[in-house]
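Notes for the one structure printed next.
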Amino acid sequence: MRSYSPARGRSAGTAKCLTIGLAAVIVTLTVGLSSLPSLAQCTFDWKPGESPQGLSYEGYAMAVYDDGDGPALYVAGGFETAGGIKACGIARWDGRYWSSVGGGVNKPSGCGQVKALVVHDGELVAGGCFTTAGDATASNIARWNGSRWAPLGEGTDFDVFALTVYQGELIAAGNFTAAGGVTANRIARWNGESWSPLGSGLNDAVGTLHVHNGELIAGGRFTVAGGVKANQMARWDGYEWQSLGGGVTAGSNPNVSAFVSYGDDLVVGGFFAAVGGVACKNIAVWDGTRWASVGEGMDASVLDLTLYNGELIAGGFFEKAGGKPARHIARWDGEKWSPLASGLLGYVIAMTVYGDDLIATGSGTVAGGIRADNIARWDGTKWLPLGGAMDHCPYALVDFNGQLIAGGEFTYIDGVKCNAAARWDGSGWVRLADGVAGGKDATRIRALAVYKGEVIAGGNFTTAGGVSARNVARWNGKSWSPLGQGFNGQVHALAVCKGELVAGGTFTASGATTLNGIARWDGTAWAPLGSGVSGTWSPGVYCLTVFGGDLYAGGLFIKAGGETVNHVARWDGVDWHSLAGGMAGSGYPDVPVAALAVFDGKLIAGGLFTTAGGTHAVGIATWDGTEWSAMESENAGGPRQVHSLAIYNGQLIVGGSFPSQGLLSSDGLGRWDGTEWSPVGRGI
């Protein structure tokens with residue numbers, strides 16, 4: 001078992017999804033969902049949401065430590081990020097948020113690796129492969145006091161693989177031959193001031209350390225300890241090294257990777273076929289006198305051992321335990337081995353207990369069928385990720401019968417597999433049947449609307465709930481069904497105007513019916529709105545809204561219904577009309593008009609353009625029904641490009657790119673009160 005410990009100093013990591021439709025977020029959240037805050041009572045400030053889940057690479061060690069803010073889980077490994085934030089080699093998890101630990105560890109080529117953790121004298125000690133920890137020069141080992149990193153003397157000349165505390169002193173082991181400038185073959189002790197060897201050390205790498213019945217136990221690849229034959233296992237009684245029950249006696253390239261005390265017994269895990277002359281497959285138990293197998297053992301290496309709810313837990317490379325399927329992790333109840341649900345898709349390197357959960361880290365992206373990047377938790381009945389949020393951003397949100405429906409490119413939310421569609425029921429996310437699938441390049445839902453008591457979803461997919469549905473489908477609260485023959489291209493926008501459902505996108509047909517980027521649903525089939533949009537290499541409608549009773553469409557197109565309109569047009573139910581010549585000043589692949597909204601009795605258009613109706617207007621403009629006007633104030637010039645628009649507390653919220661200098665800076669969000677621009681909190 002690897003028992004290590006942590007530290008203080010963190011900044012909450014948050015997911016940043018600028019592609020989400022602001023209008024969808026704000027409009028749906030203000031409907032008063034029971035478990036969500038009332039936005040009308042909030043001021044402009046940001047609160048951290050759930051951290052993205054998992055690690056960017058393997059985890060090697062873990063520890064639980066109370067640094068004054070309550071027990072937190074510290075995870076060490078070869079990763080560069082945890083929960084989406086920079087965390088070189090070490091990160092802190094407080095049960096909800098990931099954070100860095102003093103800048104982590106580094107080496108000249110980039111992020112370093114932490115391979116072992118332990119608490120000694122109230123400080124967190126980290127060992128691994130690195131040259132600096134935070135701002136401190138530290139050769140492969142360093143200590144964290146809650147606010148800064150510091151070295152332990154001169155450190156070691158090569159990697160540290162294992163740490164523990166024995167008789168009040170810190171013990172470090174690995175592949176080094178010197179510690180603090182003193183010869184120390186693969187193992188050394190730190191008394192708080194200096195390093196010293198433990199006898200003559202060992203002749204090869206030490207990978208694990210443990211204290212059992214008052215003795216220090218070492219495991220690894222070595223065959224000699226203190227001049228005594230000790231195949232892969234040895235014990236130090238405070239004065240000299242001795243073999244442990246004869247050590248490993250059979251196996252190709254044997255290695256001992258883990259120890260744990262199980263009652264009065266010592267359990268050993270690794271890669272071997274026999275210990276002390278007793279046949280055992282990669283796991284064995286020592287009662288102080290003799291060795292015994294633990295059931296039928298494992299079919300491949302055991303890398304770590306721990307105890308959870310009174311049971312022995314083994315993790316590693318194995319696929320079977322006791323002859324039965326148990327992917328990379330299994331439990332022993334004293335009589336037999338059994339799996340933990342469907343196990344992990346990826347090997348387990350380290351385990352620990354945090355709160356009521358068993359935490360497993362290593363290399364893998366799926367635990368018990370849910371997304372969990374290189375780390376997961378077992379609550380006693382099921383696997384869950386560390387970190388919430390979505391694996392990709394949502395693109396659309398809508399209120400449906402008092403529940404929030406989300407659509408996007410995500411496949412998981414809080415570990416729940418939902419395939420681009422999910423609902424929030426007041427306490428957690430629930431998938432909408434099997435969601436959508438089969439999109440070309442990437443499956444996604446781009447737009448949502450409520451029409452005649454059903455949720456309409458448009459995007460890039462070929463099935464919904466397992467039923468054929470080409471890029472548009474409806475959800476009745478229980479199941480998915482198609483809307484006619486769907487479309488031959490993506491749907492980017494949905495709206496309801498004059499009692500009709502309208503879809504906009506980059507499609508050109510539904511079945512044999514030509515549609516050209518925009519269509520209406522007549523109850524049985526999709527029908528055109530005039531001759532649709534045209535006039536560019538890949539024309540399409542990317543946003544829709546209703547203003548003054550008419551439908552307005554924006555996107556990437558030159559003509560609508562044969563009339564030149566330049567990226568924005570009005571449909572009165574019969575014909576298309578230009579809005580004073582439309583927009584100019586951008587080029588493909590950027591969308592000239594990406595967002596539309598109604599604010600203060602006017603139509604707002606946002607996108608990438610420099611003129612509107614011939615008037616200088618960069619990125620955003622207002623239409624009063626007759627002419628376009630720029631939206632600039634004395635204190636700020638507004639955005640340079642707009643991706644999304646929403647109305648909140650009587651103000652217009654704009655998401656996009658802002659000037660790099662000035663009041664708004666480039667924080668991604670701004671607000672317009674009808675006269676002036678101002679930032680939204682500190683931006684995102």
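If we scan segment 626-640, do we find a residue that is assigned to a loop (DSSP other than H, G, I, E, B) and at pLDDT 95 or above? Give the steps one after another, and end with the answer.
Going through segment 626-640, the residues assigned to a loop (DSSP other than H, G, I, E, B) turn out to be 626-627, 631-640.
Then keep just the ones that are at pLDDT 95 or above; that gives 626-627.
Looking through segment 626-640, at least one residue is assigned to a loop (DSSP other than H, G, I, E, B) and at pLDDT 95 or above.
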- State yes or no: is Val211 under 22 Å from His120 (Cα atoms), in contact with a strand residue (DSSP E or B) (Cβ under 7 Å, 6 or more places away or on another chain) and of a type in the set (A, V, I, L, M, F, W, C)? yes
- Just need a number here: residues in segment 395-454 that are part of a loop (DSSP other than H, G, I, E, B) and not charged (D, E, K, R). 19
- Message: Go through segment 580-617 and report how many residues are aliphatic (A, V, I, L, M), touching a Gly at 6+ places or on another chain (Cβ under 7 Å) and over 20 Å from Ser538 (Cα atoms).
- Response: 3
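Being touching a strand residue (DSSP E or B) at 6+ places or on another chain (Cβ under 6 Å), over 20 Å from Val574 (Cα atoms) and acidic (Asp, Glu) is the requirement here; does Glu454 meet it? Before the answer, list the steps.
On the way: touching a strand residue (DSSP E or B) at 6+ places or on another chain (Cβ under 6 Å): yes; over 20 Å from Val574 (Cα atoms): yes; acidic (Asp, Glu): yes.
Answer is yes for this residue.
What strands (runs of 3 or more DSSP E) completely inside segment 214-262 contain at least 2 residues that are under 17 Å from Val294 (Cβ atoms) and not hydrophobic (A, V, I, L, M, F, W, C)? Step through it out loud before you land on a result.
Details: elements: 215-220, 233-236, 241-243, 248-250, 255-262.
The strands (runs of 3 or more DSSP E) meeting that bar are 255-262.
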- Message: Out of everything in segment 295-317 that is of a type in the set (A, V, I, L, M, F, W, C) and touching a Gly at 6+ places or on another chain (Cβ under 9 Å), what residue ends up being nearest to Ala367 (Cα to Cα)?
- Response: Ala314
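Tell me yes or no: at least one residue of segment 637-645 is surrounded by 18 or more Cβ atoms within 10 Å (Cβ to Cβ) and touching a helix residue (DSSP H, G or I) at 6+ places or on another chain (Cβ under 8 Å).
Pass one, segment 637-645, residues surrounded by 18 or more Cβ atoms within 10 Å (Cβ to Cβ): 637-639, 641-645.
Cutting the leftovers down to touching a helix residue (DSSP H, G or I) at 6+ places or on another chain (Cβ under 8 Å) gives us 644-645.
Checked against the condition, which is being surrounded by 18 or more Cβ atoms within 10 Å (Cβ to Cβ) and touching a helix residue (DSSP H, G or I) at 6+ places or on another chain (Cβ under 8 Å), segment 637-645 yields at least one hit.
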- What pairs come up if the first residue lies in segment 505-531 and is on the phi > 0 side of the Ramachandran plot, the second is part of a loop (DSSP other than H, G, I, E, B) and among the aliphatic types (A, V, I, L, M), and their beta carbons are under 8 Å apart, counting only those six or more places apart or on different chains? Gly511/Ala525
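Look at segment 281-307 and say how many of its residues are of a type in the set (Lys, Arg) and surrounded by fewer than 17 Cβ atoms within 10 Å (Cβ to Cβ). So that I can check it myself, show each step before the final result.
So in segment 281-307, the residues of a type in the set (Lys, Arg) come out as 281, 290.
If we keep only those that are surrounded by fewer than 17 Cβ atoms within 10 Å (Cβ to Cβ) too, we end up with 290.
Looking only at that region, the number is 1.
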- Message: Being under 23 Å from Ser252 (Cβ atoms), outside any strand (DSSP E or B), at pLDDT 95 or above and not β-branched (Val, Ile, Thr) narrows it down to one residue among Gly295, Gly315; which is it?
- Response: Gly295
- Exactly one of Gly387, Gly426, Gly364, Gly368 is of a type outside the set (D, E, K, R), surrounded by fewer than 18 Cβ atoms within 10 Å (Cβ to Cβ), more than 27 Å from Gly489 (Cβ to Cβ) and touching a residue at least 24 places away in the same chain (Cβ under 8 Å), and that one is Gly426
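Going through Asp204, Asp121, Asp135 one at a time, which residue ends up being under 37 Å from the mean Cα position of the chain (by Cα) and either modelled with pLDDT of 95 or more or of a type in the set (A, V, I, L, M, F, W, C) (or both)?
Details: Asp204 fails: under 37 Å from the mean Cα position of the chain (by Cα); Asp121 fails: either modelled with pLDDT of 95 or more or of a type in the set (A, V, I, L, M, F, W, C) (or both).
After applying the criteria, what remains is Asp135.
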- Being farther than 10 Å from Leu501 by Cβ, surrounded by 17 or more Cβ atoms within 10 Å (Cβ to Cβ) and small (Gly, Ala, Ser) is the filter here, so list the residues in segment 437-457 that pass it. Gly439, Ala447, Ala457
- Task: Just name the residue that is surrounded by the fewest Cβ atoms within 10 Å (Cβ to Cβ) out of those in segment 94-128 that are at negative phi and among the acidic types (Asp, Glu).
- Result: Asp94
- Write out, first by first residue and then by second, each pair whose Cβ atoms fall under 6 Å of each other, whose residues are 6+ apart or on separate chains, and whose first residue, in segment 400-413, is among the aromatic types (Phe, Trp, Tyr) while the second is surrounded by fewer than 24 Cβ atoms within 10 Å (Cβ to Cβ) and not in a strand (DSSP E or B). Phe410/Asp391; Phe410/His392; Tyr412/Asp391
- What single numbered condition from (1) under 17 Å from Gly465 (Cα atoms); (2) touching a helix residue (DSSP H, G or I) at 6+ places or on another chain (Cβ under 7 Å) fails to hold for Val398? (1)
- Are any residues in segment 139-177 of a type in the set (A, V, I, L, M) and crowded, with 23+ Cβ neighbours inside 10 Å, and if so, which ones? Ile141, Ala142, Leu152, Val160, Ala162, Leu163, Leu170, Ile171, Ala172, Ala173
- Quick one: which of Asn476, Asn460, Asn471 is surrounded by fewer than 17 Cβ atoms within 10 Å (Cβ to Cβ) and touching a strand residue (DSSP E or B) at 6+ places or on another chain (Cβ under 6 Å)? Asn476
- Unmet requirement for Val278, which otherwise passes all of (1) touching a residue at least 40 places away in the same chain (Cβ under 8 Å); (2) surrounded by fewer than 19 Cβ atoms within 10 Å (Cβ to Cβ); (3) in contact with a strand residue (DSSP E or B) (Cβ under 6 Å, 6 or more places away or on another chain): (1)
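The values are calculated or read from the model by the stated rules, or taken from the named source; none is laboratory data. From a predicted model like this one, the values you see are computed outputs, not experimental measurements. Every residue, glycine as well, gets a Cβ built from its backbone with ideal geometry; the counts of neighbours run over all protein chains shown.
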